[in-house]
Amino acid sequence: MARIFNLIISPNFISPLFWDICVISCYLVINLVYLYFMTSKRADKSKIAIVSRFALPIAILVHTVTAWIFGLQIAREGWHSAIMGPLFVASAMDSGLALLLCVLAALKKARLFETSRELMASLAGLLATCIAVDAFFIFCEVLTMAYPGAAGAETLALMTSGPTAPFFWFEIIGCVACAVICLTPALRRNGLLVTASLLAIAGIFCKRVQLLVGGFQITNLADMAPAVNSMSITYADGTLADAYANLVYWPTPLEAGVTLGVVALGFLVFFLGLKFLPLRPSEK
């Protein structure tokens, strides 16, 4: 018992990276089990219901644990926030619902899967609700940083009027436009819904760029070198670098390549699943 207790309270056990590996592994197993039930002709609905009860909390934990990797970085003012977990979950719901609307619209246009107008309207309303929740969390974070006028004010100024401000304001404008389209019955047509969904996805992506890049702009050590990597732009010289003037960090080509590789791998798995697994609707 003493060994178990020492393991639980040890930094390695409570580390967000350790929990991230555990939660993602469990989520992968549950997805494989759920895929088996979806493709099996002898699927038991009671077993599917049991798997679903475990899938939802683990899906929430996947995004929350990832947020804790950022939120527990006490040396980074732009990341150290107790609301980081709820922000990540709300953003995941925004982008997930938006992507689902895009996929359903594409399948309907290709005549592979028919979706009723009522279902699309219901999903659009749910997307607008999730965006409103996300906006409330952002307002709480901004208010907490701005009101004391302390160290958080520097991070807020960087976010709203500094080098990363275009990402922040694109997120705000894009998500507001998405919510307006989703809440207006006259605008809830397939074309506009897809546009609104793409705006939400792009807004969440800009939010992630602003979070990642903005968190590196304020150095946590006084004697730290001004440039974090070779892609850093600290002096504008009238070239395309002006777009990111005064930034002390920007992703390197290797980091951008890894990101594109992960996205490409996701598309590859998706199309392989469509080809080799019975995921298409039957003629009946």
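Results, tabulated for the structure shown:
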| item | result |
| --- | --- |
| Region 152-171 - residue that is among the aromatic types (Phe, Trp, Tyr) and more than 16 Å from residue 141 (Cα to Cα) and, of those, modelled with the highest pLDDT | 170 |
| Test: residue in region 41-52 that is touching a helix residue (DSSP H, G or I) at 6+ places or on another chain (Cβ under 7 Å) and open to solvent by 60 Å² or more (accessible area, probe 1.4 Å) | yes |
| Those residues of region 62-85 which are open to solvent by 50 Å² or more (accessible area, probe 1.4 Å) and either under 18 Å from residue 130 (Cβ atoms) or among the small types (Gly, Ala, Ser) (or both), in sequence order | 63, 75, 82 |
| Residue pairs meeting the criteria (Cβ under 7 Å; at least 6 apart or on separate chains; first surrounded by 10 or more Cβ atoms within 10 Å (Cβ to Cβ), in region 255-278; second in a helix (DSSP H, G or I)) | 277/39; 278/39 |
| Enumeration of residues in region 142-159 that are open to solvent by less than 40 Å² (accessible area, probe 1.4 Å) and touching a residue at least 24 places away in the same chain (Cβ under 8 Å) | 152, 155, 158, 159 |
| Selection count where residues are more than 21 Å from residue 117 (Cα to Cα), of a type in the set (Ser, Thr, Tyr) and in a helix (DSSP H, G or I), scope region 161-211 | 1 |
| One residue from 113, 139 being in contact with a helix residue (DSSP H, G or I) (Cβ under 8 Å, 6 or more places away or on another chain) and either free of Cβ contacts under 8 Å to residues at least 60 places away in the same chain or exposed (fewer than 15 other Cβ atoms within 10 Å of the Cβ) (or both) | 113 |
| Qualifying residue in region 160-175 (condition: under 21 Å from residue 204 (Cβ atoms), among the β-branched types (Val, Ile, Thr) and open to solvent by 60 Å² or more (accessible area, probe 1.4 Å)) | yes |
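The values are calculated or read from the model by the stated rules, or taken from the named source; none is laboratory data. Keep in mind the model is a prediction, meaning the values are calculated, not measured. Positions of Cβ are backbone-derived with ideal geometry, glycine not excepted, and every protein chain shown enters the neighbour counts. Just so you know, the surface numbers come from the protein's heavy atoms only, side chains and all, with ligands and any DNA or RNA stripped out. Shrake-Rupley method; radii C 1.70, N 1.55, O 1.52, S 1.80 Å.
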